[in-house]
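Note sheet for the following structure.
The values are calculated or read from the model by the stated rules, or taken from the named source; none is laboratory data. These numbers were taken from a predicted model, which means no experiment stands behind them. Quick reminder, even Gly has a Cβ in these numbers, built from the backbone with ideal geometry, and neighbours come from all protein chains shown.
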Amino acid sequence: MVTVTDDQLERAAKRLREHPLDHGRWLELAALHHLKGNADDAETVFATLGEGARIGGQVALAVACGRHLAELGSLRGAELIDQVIETFATGGPHFAFSTPPAPEDPPELPVPTGTALEQARATVAKLGAWLTGRQLAKVPPAPLLSALTKPGARALVGVMTARAFPAGSVIIEIGEPATALYWLAHGTVGVAREGAELGELHSGAFFGEIALVGGTKRTARVTAREDVWVLEIPARAVETAAQKHPKLAEVLAHHARARLLANLTRTSELFRALGDDDRDALLAKFSTELVAPGTTFIKEGTLNEHLWVVVSGKCQVQSAGSSIAELGPGAAVGEISLVSGQQAVANVVALEPAVLLRLSRKDFDAVAKKHPKLLAEVEKLVVARETANRALFQDASDLIV
């Protein structure tokens, strides 16, 4: 059992006075109260932070505080969740999420006197009045909740679980089944694949939607950069909500595509050679395809009319019944037959549920004329692929005795 001293409580209150907008300081003080057995004080801090987060548009944090209070058996949890739903469950798609304006400067507080507990209570009372008394001219839309009606939002929030992960924890691992969607209430997580850093996500972001929407396994590793607090939403609950509320499905699909494209530009050689404007123009021409395992999307001996890019999942290049290569996220395929105009020399088959980008020959020709760097990059891929194929067949001929 962890023992919390008065000195720790007093220092936590001091840090909160110095950084009243740092949600981590509020959570630290709430946790110390809880560990010290000050149940009412812990509830007050969580409720105050949750209401302040609701007013400030930090919806995931507000929901996490509400769910945590409900799990503690506090009536304040249900009250906070009801307020969040009344504020943000508007039933619209809301693809763009605006940032609320910065709050007014916090009041200057005199150094409190008395015991550590009295100092902590005085700090929460004064800063809480400021945090929950702010007024925002416009409430920003919230990820997930703003796409739902109030009954739908209440049902989805009801199955969310607030979970804490210490710094360095792996929240999602590559190849795992997609069992949940995550909404980041507090902290920062890093996203990586095969040693390549894809970026960071901060408080308010949700992640894990790519595998849910695409029906694939996890395509990246998500690691806590610091101590984080997340809302875990079971996949079945998300699927049920999306079926009943198509706008939620639209939001998830929109963000999944945006994140897939962002990841692709960081990992694919095809796109890294282009500038931001050229890359955006090219990506806009691609259509997204969800491919089931066993699907042959390029057939040997037929004309291939598309350039394909693997976004998630694995595909296999096959010729004469043998595997030539496996392709993972970021790989381009079909470029040889597209550039040469000749029939495809191999089958390309999805080994698992895969998300692919597809660019037609017509669009490829139009974009290549406008963006010569793309054509040059594709020609390099063609040369590299043909060289690899010749080496493979040469190796095979050495086996004939």
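On inspection, VAL309 fails the criterion of being under 15 Å from LEU351 (Cβ atoms) and crowded, with 19+ Cβ neighbours inside 10 Å.
Let's see how each residue does on (1) part of a strand (DSSP E or B); (2) crowded, with 17+ Cβ neighbours inside 10 Å; (3) modelled with pLDDT under 75:
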{"position": "LEU261", "(1), (2), (3)": "no, yes, yes"}
{"position": "GLU289", "(1), (2), (3)": "yes, no, no"}
{"position": "PRO293", "(1), (2), (3)": "no, no, no"}
{"position": "GLY301", "(1), (2), (3)": "no, no, no"}
{"position": "VAL317", "(1), (2), (3)": "yes, yes, no"}
{"position": "ILE324", "(1), (2), (3)": "yes, yes, no"}
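A single entry from LEU32, LEU21 fulfils the requirement of being at pLDDT below 95, of a type in the set (A, V, I, L, M, F, W, C) and assigned by TED's automatic domain parsing to the domain that holds GLY128: LEU21. Just so you know, in region 126-158 the residues that are surrounded by fewer than 16 Cβ atoms within 10 Å (Cβ to Cβ) and in contact with a helix residue (DSSP H, G or I) (Cβ under 7 Å, 6 or more places away or on another chain) include one that is modelled with the lowest pLDDT, and it is LEU136. Read through the list (1) free of Cβ contacts under 8 Å to residues at least 60 places away in the same chain; (2) of a type outside the set (Lys, Arg); (3) at negative phi, then give the number of the only condition that PRO329 fails. In the conditions (1) free of Cβ contacts under 8 Å to residues at least 60 places away in the same chain; (2) of a type outside the set (Lys, Arg); (3) at negative phi, PRO329 misses (1) alone. The single condition among (1) closer than 22 Å to ALA258 by Cβ; (2) aliphatic (A, V, I, L, M); (3) in the same structural domain as LEU61 (by TED's automatic domain parsing) that VAL124 does not meet is (1). Please state which one of ALA192, ALA162 is in contact with a His (Cβ under 9 Å, 6 or more places away or on another chain) and either modelled with pLDDT of 90 or more or not assigned by TED's automatic domain parsing to the domain that holds ILE55 (or both). Just one listed residue meets the conditions, ALA162. Give the residue that is farthest from LEU231 (Cα to Cα), with candidates limited to residues of region 160-187 that are of a type in the set (A, V, I, L, M) and not in a strand (DSSP E or B). The selected residue is ILE174. Against the test of being surrounded by fewer than 20 Cβ atoms within 10 Å (Cβ to Cβ) and either touching a Cys at 6+ places or on another chain (Cβ under 9 Å) or in the same structural domain as GLY128 (by TED's automatic domain parsing) (or both), the options GLU43, GLU51, GLU71 yield a single qualifying residue, GLU71. Filtering region 333-351 to residues that are hydrophobic (A, V, I, L, M, F, W, C) and either modelled with pLDDT under 80 or out of contact with any helix residue (DSSP H, G or I) (no Cβ under 6 Å at 6 or more places or on another chain) (or both) leaves VAL333, ILE336, LEU338, VAL339, VAL345, ALA346, VAL348, VAL349, ALA350, LEU351.
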